[in-house]
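The values are calculated or read from the model by the stated rules, or taken from the named source; none is laboratory data. Just so it is clear, the model here is predicted, and its values are computed rather than measured. Cβ atoms come from the backbone with ideal geometry, glycine included; neighbour counts cover every protein chain shown. Each accessible area value is taken on the protein alone, full model and side chains, heavy atoms only, with ligands, DNA and RNA left out. Shrake-Rupley method; radii C 1.70, N 1.55, O 1.52, S 1.80 Å.
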Amino acid sequence: MNASFDWLKDFTDFDLTPRELRDALTARVATVDDVVALRQDLADIVVGRVVSAQPHPDSDHLWVTKVDAGSADLLDVVCGAPNVQEGTKYPFAPVGAVLPGGLKIERRKIRGQSSTGMLCSARELGLGVDHNGIMALKTEAAPGTPFLSAYAAGDTRLIIDVLPNRPDLLAHEGIAREIAAFTGNPPRRPMPDGMVMSDAPFNHASNSATTAGVRVSVDGNAACPLYVAVVIRGVRVGPSPDWLVRRLEGVGVRSINNVVDVTNYMLHGFGQPMHAFDLANLAGPEIQVRRAHDGEMITTLDGVTRKLDASVTVIADATTAHAIAGVIGGEGSEVTDATTDVVLEVAVFDPRSVRSTRRALSVSTDASYRFERAVDPHATEGFARYAAALVCALSGGVVDGIPVVIGTPPAPSPAIALRVPRVALLLGEPVPSEECAALLSSVGFKVTRSDSDAYSVSVIPPTWRSDVAGEADLVEEIARLRGFDSFPNELRPFRVGATPDSPAYTVTRRVTQALVQAGLYEIRPTPFVADAGANGVRVTNPLAESEAMLRASLLQTLARRVEYNFAHMSRNVRLFEIGVAFTRGDGPLPVERTYAAAAVTGDRFPAHFADPKPPQMDIWDAKWIAEQAVSAAFGVAGAMDLTPNSTGDGWRISRAGVNLGSIAPLWVDAPVWASRVYGIELDITSAFAGRSLGRTYVPLPSTPAAEFDLALLLPSGVTAGDVGRVITTIAGELLEALVPFDEFTGRGVPEGHRSVAWRLTFRHPERTLRDREIEGRRARILRALEEELGVRPRSA
């Protein structure tokens, strides 16, 4: 949603700057993604402070000044303004800056004195007509601060991320209503000069009616529960007034003419899409809201000829379709300079029908975006009155006949009982009933307090808040309006619920924590790729043809993110994702499984003055990361088996005979300076099966440990993992830790062997181990290693 800062002030008073408004809306209403100053032609201008001003030696009206513009040195600037004063701040255009009129500032000499920049007047900046003096600034901004940051020059656009459950925020009136709630200033509806609202009744009908000689009918299958038509005659189509042009420009809409601009004003100002038809081009004259005929053709306002079917609702006259309901208008009946009589349409269309039509026709508009999220049907008639009055005020037309309303709005939402103790239970903080009532009333909720029950209030949501359906929704509104930062942040005791967390949630949370602790950064990309291979799955309705496949591996996505980091000269990359991958299944739907994947490259640890060139990450670092992820997922340390892959540069990972994934170098399009990239991918879906991993707490050991080392000769083909499994099996439950700490080949080691040393730690939880117990286990371990693997002690 693009919101104009100046337009919001038409609906309510507030003293906030654009950035203060951004912070307030983000904290209480919806996230403001960006604040854009629309006067970007002033981007080169900075705040300058005149340090000294002396008369020009060769002129009776010029001044030679020293200006602090935030640079290391003061700048010499020749100025002809009579109001230049020492210590005052002014807009300053440095050398190289381009003024709104296109003038580029250059270093020059004026009557023998060097001038490196220009102190600007309001007229030179396009901010007024005063050209006799430079524009003095009353600001605390430091010299060198961008002018747009220190001065509200022109309108400012706020780009607001409106979630689907809040269609009321897709309008300036809806946003202003929220601003009024936290500022305490009442909201209002703007009334431009010359606008006269009529309170004459409308003609209500169920299926059809006539207004000013125009028959209006709505087919019962047309997915249009409410349709309002107003006939306005004698309009003079022409340019819109400056205030309306500025309002539309503030949200990025081009002015067309005074009638069409009113419909756009209603869409962005009030969230109600409208359409104006040239009455002279409507056969009958008649308006039919009906289903399209199979094969019916229409050329829409974007110049595209579209073939329709019976699933599409159209607005037609007696013979021809003139608009696709809720989506886009058609050519032939639009308002032009020759138009004198118009039919103003204000309607409510079924959101599901609009969404399916928009998808089928591959066309999206501001109107369809709002209709898909639902408009307020109870406000339709009022908006029709307002828009008709504004058209008449701007074009000189008059409403002819009695406007018609076909259909009826749905029943208002029923009252919801709000229990004040329930508010405290859900929020962890008691909120008095008076405060609950005041907060909800501030955004249009009707609150009725009971004389007999001091702990409950009855709340009726406003018609524009269809998302509020239960008590929990009201509690959420109270928390939002009160301010989430008003609640305490200390940990408090609470009653643990009887329902355990989902195993999928528990596993993914643990794996995430383990990988973050390992120094990796989590990413959350979309699962779409350009090519997923022969077993890939294509999306029926892709967002873009360049990413029309569902990925078969998370490493496909991670490789692209590594390339993105390389392209931005970042060589130390540690990324992971926990997400889903898809493969073709036997049925119509793909097989979806959850994976944990990581990609690492670059320095093993940050550079330090003691070690300015750290070693690069290798396959063993990737193996360690995989071990952390498997241990977190399955709750057992070291619970994975490794098998060398076919290329010999990595491993296949399995557990209990089930394949989990791989550890191997990851191919990416890398620059020459980049280190090798390693990828880890683990299928953690099997860890979800039927269990919720709870934390296990054990007391700290109170008995001493017994340690000894084993240096073993491993024949070629025997892996350290094989030796570790035998030792673990034979050592039994008293083995607390098994750590390999040395590998050696060379002098003293027979050909075809290598020496690997392990440290074994034993501990009994209740008593001190005896020497003969340790020696007995040592002997059994050595005997088993020699019998099963041909491994013997190096000293033998």
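For the stretch 40-59, which positions are acidic (D, E) and closer than 24 Å to K104 by Cα?
Passing the criteria: D41, D44.
I need the full set of residues from the stretch 87-104 which are out of contact with any Lys or Arg (no Cβ under 8 Å at 6 or more places or on another chain), free of Cβ contacts under 8 Å to residues at least 24 places away in the same chain and within 17 Å of V46 (Cβ to Cβ), in order please.
Across the stretch 87-104, the qualifying residues are L103, K104.
Each row is one residue, and each column tells you yes or no for (1) small (G, A, S); (2) touching a His at 6+ places or on another chain (Cβ under 6 Å); (3) open to solvent by less than 90 Å² (accessible area, probe 1.4 Å); (4) more than 23 Å from A705 (Cα to Cα).
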site	(1), (2), (3), (4)
V749	no, no, yes, yes
S755	yes, no, yes, yes
P765	no, no, no, no
E773	no, no, yes, no
G776	yes, no, yes, no
A779	yes, no, yes, no
L782	no, no, yes, no
R792	no, no, yes, yes
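For the structure I just gave you, tell me whether D41 is touching a residue at least 40 places away in the same chain (Cβ under 8 Å) and not in a strand (DSSP E or B). Before you say what the answer is, go through the steps one by one.
Values: touching a residue at least 40 places away in the same chain (Cβ under 8 Å): yes; not in a strand (DSSP E or B): yes.
So D41 fits the description; yes.
In the stretch 775-796, what residues are touching a residue at least 12 places away in the same chain (Cβ under 8 Å) and assigned to a helix (DSSP H, G or I)?
Answer for the stretch 775-796, where residues must be touching a residue at least 12 places away in the same chain (Cβ under 8 Å) and assigned to a helix (DSSP H, G or I): R777, R778, R780, I781, L782, A784, L785, E788, L789.
Residue by residue through the stretch 436-451, note down the ones that are under 13 Å from R177 (Cβ atoms) and open to solvent by 50 Å² or more (accessible area, probe 1.4 Å).
Hit for the stretch 436-451 is S441, nothing else.
For the list (1) among the polar types (S, T, N, Q); (2) within 25 Å of V162 (Cα to Cα); (3) touching a Pro at 6+ places or on another chain (Cβ under 8 Å), I need the number of the one condition that S486 fails.
(3)
Could you tell me whether the stretch 241-250 includes any residue that is among the aromatic types (F, W, Y) and surrounded by fewer than 15 Cβ atoms within 10 Å (Cβ to Cβ)? Spell out how you get there, then give the answer.
Filtering the stretch 241-250 for residues among the aromatic types (F, W, Y) gives 243.
Next cut, surrounded by fewer than 15 Cβ atoms within 10 Å (Cβ to Cβ) only: 243.
Yes, because at least one residue in the stretch 241-250 is among the aromatic types (F, W, Y) and surrounded by fewer than 15 Cβ atoms within 10 Å (Cβ to Cβ).
Residues in the stretch 85-114 that are within 18 Å of G70 (Cβ to Cβ) and β-branched (V, I, T): how many?
So the answer is 3.
In the stretch 62-74, is there at least one residue being open to solvent by 80 Å² or more (accessible area, probe 1.4 Å) and under 30 Å from D15 (Cβ atoms)?
Checked the stretch 62-74: no residue is open to solvent by 80 Å² or more (accessible area, probe 1.4 Å) and under 30 Å from D15 (Cβ atoms).
Any residue in the stretch 367-382 that is closer than 9 Å to F349 by Cα sitting within a Cβ distance under 8 Å of a residue that is open to solvent by 30 Å² or more (accessible area, probe 1.4 Å)? List the pairs, counting only those 6 or more apart or interchain.
F371/P351; E372/P351; E372/R355; E372/R358; A374/P351; A374/S466
Quick check on the stretch 34-41. Is at least one of its residues open to solvent by 10 Å² or more (accessible area, probe 1.4 Å) and farther than 21 Å from A153 by Cα? Show your work before the answer.
Pass one, the stretch 34-41, residues open to solvent by 10 Å² or more (accessible area, probe 1.4 Å): 34-41.
Filter again for farther than 21 Å from A153 by Cα, leaving none.
Looking for residues that are open to solvent by 10 Å² or more (accessible area, probe 1.4 Å) and farther than 21 Å from A153 by Cα, one finds none in the stretch 34-41, hence no.
Just give me the residues in the stretch 219-240 being buried (at least 20 other Cβ atoms within 10 Å of the Cβ) and among the small types (G, A, S), in sequence order.
A222, A223, A229, S240 - these are the residues of the stretch 219-240 that are buried (at least 20 other Cβ atoms within 10 Å of the Cβ) and among the small types (G, A, S).
Looking at (1) at pLDDT 95 or above; (2) surrounded by fewer than 19 Cβ atoms within 10 Å (Cβ to Cβ), which is the only condition L170 fails?
Unmet for L170, out of (1) at pLDDT 95 or above; (2) surrounded by fewer than 19 Cβ atoms within 10 Å (Cβ to Cβ): (2).
Within the stretch 67-112, work out how many residues are outside any loop (DSSP other than H, G, I, E, B) and either in contact with a helix residue (DSSP H, G or I) (Cβ under 6 Å, 6 or more places away or on another chain) or of a type in the set (K, R) (or both). Can you show your working first?
Narrowing the stretch 67-112 to residues outside any loop (DSSP other than H, G, I, E, B): 67-68, 75-79, 89-93, 98, 104, 108-110.
Filter again for either in contact with a helix residue (DSSP H, G or I) (Cβ under 6 Å, 6 or more places away or on another chain) or of a type in the set (K, R) (or both), leaving 89, 91, 104, 108-109.
So the count comes out to 5.
Name the one entry in V354, V405 that is touching a His at 6+ places or on another chain (Cβ under 7 Å) and over 29 Å from A437 (Cβ atoms). I'd like the intermediate steps shown before the answer.
Working: V354 fails: touching a His at 6+ places or on another chain (Cβ under 7 Å).
Exactly one of V354, V405 is touching a His at 6+ places or on another chain (Cβ under 7 Å) and over 29 Å from A437 (Cβ atoms), namely V405.
Where in the stretch 638-691 are there strands (runs of 3 or more DSSP E), lying wholly inside it, with at least 3 residues that are crowded, with 18+ Cβ neighbours inside 10 Å, touching a residue at least 60 places away in the same chain (Cβ under 8 Å) and under 38 Å from the mean Cα position of the chain (by Cα)?
Here the list reads 678-683.
For the stretch 137-167, which positions are under 17 Å from T463 (Cα atoms) and either among the acidic types (D, E) or open to solvent by 20 Å² or more (accessible area, probe 1.4 Å) (or both)?
Across the stretch 137-167, the qualifying residues are P164, N165, P167.
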